[in-house]
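Report on one structure; see the data block that follows.
Derivation of every value follows stated rules applied to the coordinates shown; laboratory data play no part. What you see is a predicted model; the values in this text were computed from it and never measured. Every residue, glycine among them, receives a Cβ derived from its backbone with ideal geometry; neighbour counts consider all protein chains shown.
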Amino acid sequence: AESCRALADDAMARARRSDDDRALAAAHTVLALVAAHDGDRLANDTHYLRALDHAERAGDLLQVIRIRLNRGSRLNEEGFYDEAIAELDLAIGLADLGGYAAFKGIALNNRGEARRQLGQFERAMDDLESAKAIFQRLGSTLVAYPLNEAGQVHAARGQTALARAAFTEAIEVSRTSGDVQGLVPGLAGLARLLAEDDPAAARSLADDAVAVGGEGLGQVEALLAQGWVALAGGDGDTA
């Protein structure tokens, strides 16, 4: 994180000297990511808004898509699911226009998450299956993301075997790639799924999620899984 912060500050200093909109958009985007890591929502939103303004002035389609993707993800995290879908609809349309398959896959995954949270399970699975197909075609380890989301949908529907398979595959892919952002949701999701039937395995998975998540973006999800497992096992004081 500290190396990221130093590089981001250097990028912004260079972008300001160049007074180039594309450079400023990139610098504000990475500063938004630093702010997200720090839990500074206000700075995160401010940097994304400024990044979007610079990217649109530069006519940089790729950066506009990326920024809208990240804003959609942020709206999901804050529970503004309808607003997230509107933002992600724009990203998907632009990704189709520019032929950016990977970004379209990410946008479909994030829209699937929003639709899952709204209880629109069929539409969510349509998005997640499309995202999964894109990442499989590209040979991308980002396939872990729609797998995790699909696991959540299956779990909500009571389809335990399908949920377990999806979470397990997501964990395997994320461990191989070293992607913490993909690994923590898989561990946490599987822990909650197994909490009642296999409390020992669930506890191990939840503890692993907390250890891996550290103080980053996955910390809350990991801690919630740990609490859920403790409650399911009757350890109210631990939770």
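Worth pointing out:
- Three principal axis lengths of the range 1-144 [C-alpha, angstrom, descending]: 49, 30, 26
- Between helix 41-58 and the chain: long-axis angle, C-alpha atoms, 0 to 90°, nearest 10: 40 degrees
- In terms of its C-alpha gyration tensor, the range 83-239 has a prolate overall shape, because the principal axis ratio a/c (a ≥ b ≥ c, square roots of the eigenvalues) is not below 1.5 and a/b outweighs b/c.
- Loop sites in the range 137-188: trypsin sites (Lys or Arg not before Pro), DSSP, at most 10 other Cβ within 10 Å: none
- Of the peptides 109-122, 32-45, the order by per-residue mean of other Cβ atoms within 10 Å, starting with the highest, comes out as 109-122, 32-45.
- Between the range 73-140 and the range 164-219, the Cα center-to-center distance that results, in Å: 22 Å
- Farthest positive-ward along the range 34-151 dipole, Cα basis, beta-carbon charges - from Leu142, Tyr81, Ala114: Leu142
- Taking a ≥ b ≥ c as the square roots of the eigenvalues of the Cα gyration tensor, an a/c ratio of 1.5 or more together with a/b no larger than b/c marks the range 87-136 as oblate.
- Crossing angle, helix 199-213 versus the chain [Cα axis fit, 0-90 degrees, rounded to tens]: 20 degrees
- With respect to the chain, whose longest principal axis is taken over its alpha-carbon atoms, helix 81-98 is tilted by about 60°.
- Helix-only [θ]222 nm of the chain, DSSP H runs n ≥ 4, -39500 (n - 2.57) each, per residue, nearest 500: -27500 deg cm²/dmol
- With contacts taken as Cα pairs under 8 Å and at least 6 residues apart, the chain reaches a relative contact order of 10 percent.
- Check: the range 13-168 dipole with +1 on Lys, Arg Cβ and -1 on Asp, Glu Cβ, in debye: 400 debye
- GluC sites (Glu not before Pro) restricted to the range 71-100 and DSSP loop, no more than 13 other C-beta within 10 Å: Glu78
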